[in-house]
């Protein structure tokens with residue numbers, strides 16, 4: 001079990017908390033909810049961003065199997081998500097300005113910054129209000145898997161187009177075929193410079209290593225040949241797409257993973273999808289993000305999940321039904337966006353209704369934690385596990401938790417009512433010893449949001 005740092009309250013009203021923290025001692029273990037008959041709470045926390053108290057109670061009433069079915073095969077449209085419709089950004093300001101003047105560049109950059117703020121607010125809002133939580137969480141997973149950062153891409157339009165490409169894919173095979181020519185990903189990995197006269201292998205390498213097969217499943221010769229297959233694509237910023245230019249495509253025969261042919265981008269992806277290691281790699285990535293970032297996926301679990309490939313929801317259903325998943329309770333640390341969105345859902349805070357200044361501070365806080373939407377640090381995506389439990393991160397979380405609590409007028413709260421709101425089963429003796437003497441309700445919520453019980457699932 002992962003144990004977060006003991007000094008989890010450092011940095012927030014430190015003078016007020018020092019005497020309280022000093023009184024942490026063995027106290028009674030407080031239980032507020034009925035004894036659980038299954039791992040419904042674990043399922044809801046891992047499959048989505050964090051259940052509300054109402055959702056948790058309803059799921060416990062219907063049971064694990066029905067809850068799992070509702071998550072992985074949700075009936076009907078997502079009513080909650082309809083209140084967060086896709087934003088309209090218009091055309092990228094550089095689309096019709098290939099050689100902008102200095103003043104035009106300044107104006108275009110400001111338009112892009114505004115657009116990035118729009119899609120950041122929108123995505124956080126959608127994750128918060130969506131009823132189909134497993135669908136939204138899976139979208140977030142894929143964003144980290146096909147990690148593409150706006151810091152290089154620059155265009156909010158291309159980042160939103162990538163979001164839609166991932167969401168509209170019916171399974172992983174369809175997704176991979178579309179993503180290999182996704183304009184944001186191609187630009188991110190310099191694919192627009194890949195021509196038969198000057199091959200560029202960046203996209204090919206990451207396609208093998210990080211997106212489809214995994215480390216050690218290919219040779220350098222495979223990468224070089226795959227780079228040739230991906231030649232000839234250029235970016236059309238105005239159309240928000242990649243356009244194939246046959247003049248710059250290498251039409252020669254290539255040999256990739258033992259197969260030979262005049263492969264183009266789609267044919268290359270099909271070769272990769274045919275490899276036995278492809279479904280195993282995707283299953284292991286899902287396990288890593290949904291079950292355990294420290295323990296390898298057990299072989300029986302791997303077999304159950306790969307049997308459902310290429311359907312991601314089917315693979316997740318197989319994972320959540322497996323005994324190995326249930327054994328991972330208490331081993332996963334929430335990523336910053338998971339933590340923030342879960343808190344907003346449980347507190348009833350919507351980013352779209354949050355004052356602009358406060359939301360800017362929240363997004364800056366996410367950046368400080370190392371996980372801002374549309375901005376993974378590298379093509380490898382975000383870290384996991386105890387990487388999120390540094391002392392610096394603890395102080396940023398405390399600040400963000402305080403900003404969320406300050407948006408509310410919670411009335412009189414107790415440690416018991418905070419546990420109910422945040423869907424925490426029990427407080428440990430140490431945490432309860434801190435909370436029981438706190439009289440300020442906003443401070444109680446803040447401390448609950450940064451408690452080990454809340455950070456670890």
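The values are calculated or read from the model by the stated rules, or taken from the named source; none is laboratory data. This structure is a prediction, so every number in the text was calculated from the model and none was measured. Positions of Cβ are generated from backbone atoms using ideal geometry, with glycine treated the same way; all protein chains shown enter the neighbour counts.
Which residues, counting only those in region 368-382, are without any contact (Cβ under 8 Å) to a residue 60 or more places away in the chain and under 10 Å from residue 335 (Cβ atoms)?
Taking region 368-382 and keeping what is without any contact (Cβ under 8 Å) to a residue 60 or more places away in the chain, we get 368-371.
Correct list: 369, 370, 371.
Given the criterion buried (at least 17 other Cβ atoms within 10 Å of the Cβ), touching a helix residue (DSSP H, G or I) at 6+ places or on another chain (Cβ under 7 Å) and outside any loop (DSSP other than H, G, I, E, B), identify the matching residue among 381, 365. Let's see the steps before the verdict.
Numbers: 381 fails: outside any loop (DSSP other than H, G, I, E, B).
Just one listed residue meets the conditions, 365.
Conditions tested, residue by residue: (1) in the same structural domain as residue 406 (by TED's automatic domain parsing); (2) outside any helix (DSSP H, G or I); (3) surrounded by fewer than 20 Cβ atoms within 10 Å (Cβ to Cβ); (4) at pLDDT 95 or above.
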position	(1), (2), (3), (4)
423	yes, yes, no, yes
437	yes, yes, yes, no
444	yes, no, no, yes
448	yes, no, no, yes
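Of everything in region 59-70 that's loosely packed, with under 15 Cβ neighbours inside 10 Å and either touching a helix residue (DSSP H, G or I) at 6+ places or on another chain (Cβ under 9 Å) or at pLDDT below 95 (or both), which residue is nearest to residue 319 (Cα to Cα)?
Going through the qualifying residues, I end up with 69.
Would you mind stating whether residue 247 is in contact with a strand residue (DSSP E or B) (Cβ under 7 Å, 6 or more places away or on another chain) and assigned to a helix (DSSP H, G or I)?
Details: in contact with a strand residue (DSSP E or B) (Cβ under 7 Å, 6 or more places away or on another chain): no; assigned to a helix (DSSP H, G or I): yes.
The answer is no for residue 247.
Would you point out the residue of region 32-57, among those that are at pLDDT 95 or above and out of contact with any helix residue (DSSP H, G or I) (no Cβ under 8 Å at 6 or more places or on another chain), that is surrounded by the most Cβ atoms within 10 Å (Cβ to Cβ)? Quick ask: steps written out before the conclusion?
Just the residues of region 32-57 that are at pLDDT 95 or above, to begin with: 40-57.
Add one more test, that the residue is out of contact with any helix residue (DSSP H, G or I) (no Cβ under 8 Å at 6 or more places or on another chain), and what stays is 54, 57.
Working: 54: 9, 57: 15.
Among those residues, the one meeting the criterion is 57.
When you go through 4, 87, 93, 75 one by one, which is the residue that is under 29 Å from the mean Cα position of the chain (by Cα), at pLDDT 95 or above, in a loop (DSSP other than H, G, I, E, B) and within 30 Å of residue 286 (Cα to Cα)?
Values: 4 fails: at pLDDT 95 or above; 93 fails: within 30 Å of residue 286 (Cα to Cα); 75 fails: at pLDDT 95 or above.
Among 4, 87, 93, 75, only 87 is under 29 Å from the mean Cα position of the chain (by Cα), at pLDDT 95 or above, in a loop (DSSP other than H, G, I, E, B) and within 30 Å of residue 286 (Cα to Cα).
Do we have any residue at all in region 256-266 that's more than 29 Å from residue 382 (Cα to Cα), in the same structural domain as residue 206 (by TED's automatic domain parsing) and assigned to a helix (DSSP H, G or I)?
No, region 256-266 contains no residue that is more than 29 Å from residue 382 (Cα to Cα), in the same structural domain as residue 206 (by TED's automatic domain parsing) and assigned to a helix (DSSP H, G or I).
From (1) within 30 Å of residue 98 (Cα to Cα); (2) in contact with a helix residue (DSSP H, G or I) (Cβ under 8 Å, 6 or more places away or on another chain); (3) not in a strand (DSSP E or B), pick out the condition that doesn't hold for residue 252.
Only one criterion is unmet by residue 252, namely (1).
Matching residues to (1) surrounded by 20 or more Cβ atoms within 10 Å (Cβ to Cβ); (2) under 21 Å from the mean Cα position of the chain (by Cα); (3) without any contact (Cβ under 8 Å) to a residue 12 or more places away in the chain:
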{"position": "394", "(1), (2), (3)": "yes, yes, no"}
{"position": "403", "(1), (2), (3)": "no, no, no"}
{"position": "427", "(1), (2), (3)": "yes, no, no"}
{"position": "441", "(1), (2), (3)": "no, no, no"}
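Please find, among 96, 103, 92, the residue that is in contact (Cβ under 8 Å) with a residue 60 or more places away in the chain, over 28 Å from residue 350 (Cα atoms) and out of contact with any strand residue (DSSP E or B) (no Cβ under 6 Å at 6 or more places or on another chain). Break it down into steps so the answer makes sense when it comes.
Values: 103 fails: in contact (Cβ under 8 Å) with a residue 60 or more places away in the chain; 92 fails: over 28 Å from residue 350 (Cα atoms).
Step by step, each of 96, 103, 92 is checked, and only 96 is in contact (Cβ under 8 Å) with a residue 60 or more places away in the chain, over 28 Å from residue 350 (Cα atoms) and out of contact with any strand residue (DSSP E or B) (no Cβ under 6 Å at 6 or more places or on another chain).
Any residue at all in region 405-415 that's at pLDDT 95 or above, over 28 Å from the mean Cα position of the chain (by Cα) and assigned to a helix (DSSP H, G or I)?
Yes: region 405-415 contains one or more residues that are at pLDDT 95 or above, over 28 Å from the mean Cα position of the chain (by Cα) and assigned to a helix (DSSP H, G or I).
If I ask for residues that are outside any helix (DSSP H, G or I), over 24 Å from residue 73 (Cα atoms) and in contact (Cβ under 8 Å) with a residue 40 or more places away in the chain, which ones from region 272-313 would you list?
Residues satisfying the conditions are 275, 293, 294.
Looking for whichever is touching a helix residue (DSSP H, G or I) at 6+ places or on another chain (Cβ under 6 Å) and modelled with pLDDT under 95 here; the options are 324, 393, 318. Which one fits? Before the answer, list the steps.
Details: 324 fails: modelled with pLDDT under 95; 318 fails: modelled with pLDDT under 95.
Among 324, 393, 318, only 393 is touching a helix residue (DSSP H, G or I) at 6+ places or on another chain (Cβ under 6 Å) and modelled with pLDDT under 95.
Looking at 170, 165, 151, can you tell me which residue is surrounded by fewer than 23 Cβ atoms within 10 Å (Cβ to Cβ) and not in a helix (DSSP H, G or I)?
Result: 170 is the single residue among 170, 165, 151 that is surrounded by fewer than 23 Cβ atoms within 10 Å (Cβ to Cβ) and not in a helix (DSSP H, G or I).
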